[in-house]
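Following: one structure in structure tokens, then a few remarks.
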Amino acid sequence: MTFDRSTKIAPSILAADFANFGAECEAIEAQGADWVHVDVMDGHFVPNITFGPATCAAIRPHIKGVMDVHLMIAPVDPYIEAFAKAGADVITAHVEATPHIHRTLQAIRGAGAKAGVALNPGTPASAVAELLDMVDLICVMTVNPGFGGQKFIDMTAKIRELRALIGDRPVHIEIDGGVDPKTAPLVAQAGADVLVAGSAVFKGGSVSDPAPYGENIRAIRAAAEGTYV
Ligand code: DX5
Ligand code: ZN
């Protein structure tokens with residue numbers, strides 16, 4: 001994985017057909033996805049359950065690019081090795097999920113993955129101020145995590161604050177929740193480069209009719225880059 005700040009669209013497979021993950025990952029990549037965002041939920045840290053490392057390992061061969069694993073689980077440390085072995089390129093843990101996020105991030109890099117830290121809407125930018133040299137990505141949640149299809153919560157002030165804190169460091173700012181062609185320009189202008197989108201990418205398409213995925217991805221990218229008409 002090389003670092004750059006160009007806009008990257010990361011469809012969340014939370015909005016995909018759960019019986020068809022392999023084909024869905026291939027379809028979104030063929031339709032222009034840059035990263036594939038994989039939401040892991042435990043029914044404890046968040047009020048919903050998705051899947052674990054075995055599913056990540058199963059879909060890995062169907063993803064050519066970056067597998068971006070968002071862990072909404074607590075505890076997180078006992079499972080880091082398993083997600084790294086499953087082939088995650090980026091593993092993101094929530095600052096709210098552990099009193100020892102510093103240790104967690106060390107463990108993620110130690111396992112050979114890029115380290116991400118996620119902030120819930122109620123958590124300030126300052127929560128990551130001591131972590132900037134040990135992360136590759138900061139994920140700003142623009143919904144309370146747990147479900148797809150929720151309403152976007154404006155976090156642009158926090159994004160700008162993080163962008164200033166990051167300075168020249170090679171750290172991505174990822175936005176997760178309610179991203180669509182209307183909200184993408186707000187977060188992109190504030191400094192985000194990785195845009196996660198579930199419902200806004202998968203709506204209207206399927207593995208047998210994947211063209212809408214491409215139209216949706218292009219619309220979000222164009223909106224973020226300011227070329228949307
Ligand atoms: C929310 C997840 C998101 C979610 C985004 O807990 O982390 O990745 O799937 O879905 P949309 O784009 O539908 O808000
Ligand atoms: Zn997510």
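Checked across segment 159-170, the condition of being under 16 Å from the mean Cα position of the chain (by Cα) and in a loop (DSSP other than H, G, I, E, B) holds for no residue. Restricting attention to segment 98-115, does a residue exist that is of a type in the set (S, T, N, Q), surrounded by fewer than 23 Cβ atoms within 10 Å (Cβ to Cβ), within 11 Å of ligand 1 (Cβ to nearest atom) and more than 21 Å from Glu225 (Cα to Cα)? No. Taken over segment 114-131, residues that are more than 16 Å from ligand 2 (Cβ to nearest atom) and either more than 18 Å from the chain's Cα centre (by Cα) or in a loop (DSSP other than H, G, I, E, B) (or both) amount to 7. Check segment 100-111 and report whether any residue there is assigned to a helix (DSSP H, G or I), modelled with pLDDT of 95 or more and within 30 Å of Gln31 (Cβ to Cβ). For segment 100-111, residues assigned to a helix (DSSP H, G or I), modelled with pLDDT of 95 or more and within 30 Å of Gln31 (Cβ to Cβ): present.
Pick out the one residue from Thr2, Thr92, Thr104 that is within 13 Å of ligand 2 (Cβ to nearest atom), among the polar types (S, T, N, Q) and within 22 Å of Arg169 (Cβ to Cβ). After ruling out the rest, the residue left standing is Thr92. Note on segment 184-229: residues that are more than 24 Å from Ala27 (Cβ to Cβ), within 15 Å of ligand 1 (Cβ to nearest atom) and open to solvent by less than 20 Å² (accessible area, probe 1.4 Å) total 2. Contact map, segment 31-43: residues that are touching a residue at least 12 places away in the same chain (Cβ under 8 Å) and closer than 13 Å to Ala118 by Cβ paired with residues that are of a type in the set (D, E, K, R) and assigned to a strand (DSSP E or B), Cβ distance under 9 Å, separation 6+ or inter-chain. Pairs shown: His37/Asp68; His37/Glu174; His37/Asp176; Asp39/Asp176.
Screening the candidates His37, His70 for the property of being within 18 Å of Asn144 (Cβ to Cβ), out of contact with any helix residue (DSSP H, G or I) (no Cβ under 8 Å at 6 or more places or on another chain) and buried (at least 18 other Cβ atoms within 10 Å of the Cβ) yields one hit, His70.
Scanning segment 192-213 for residues that are charged (D, E, K, R) and touching a strand residue (DSSP E or B) at 6+ places or on another chain (Cβ under 7 Å) yields a single hit, Asp193. Counting the residues of segment 179-229 that are under 19 Å from the mean Cα position of the chain (by Cα), in a loop (DSSP other than H, G, I, E, B) and over 15 Å from Thr7 (Cα atoms) gives 3. Determine, yes or no, whether Ile138 is over 17 Å from Ile9 (Cβ atoms), within 16 Å of ligand 1 (Cβ to nearest atom), open to solvent by 10 Å² or more (accessible area, probe 1.4 Å) and β-branched (Val, Ile, Thr). The answer is no for Ile138. Applying the condition of being among the aliphatic types (A, V, I, L, M) and within 11 Å of ligand 2 (Cβ to nearest atom) to segment 46-72 and asking which residue is farthest from Ala86 (Cα to Cα) yields Val46. Residues in segment 12-54 that are farther than 21 Å from Met1 by Cα, of a type in the set (S, T, N, Q) and touching a strand residue (DSSP E or B) at 6+ places or on another chain (Cβ under 8 Å): Asn48, Thr50.
The values are calculated or read from the model by the stated rules, or taken from the named source; none is laboratory data. A quick note: this is a predicted structure, and the numbers were derived from the prediction, not measured. No Cβ is skipped: glycine too gets one built from the backbone with ideal geometry, and neighbour counts run over all protein chains shown. To get the accessible areas, we keep the full protein, side chains included, count just its heavy atoms, and leave off ligands, DNA and RNA. Shrake-Rupley method; radii C 1.70, N 1.55, O 1.52, S 1.80 Å.
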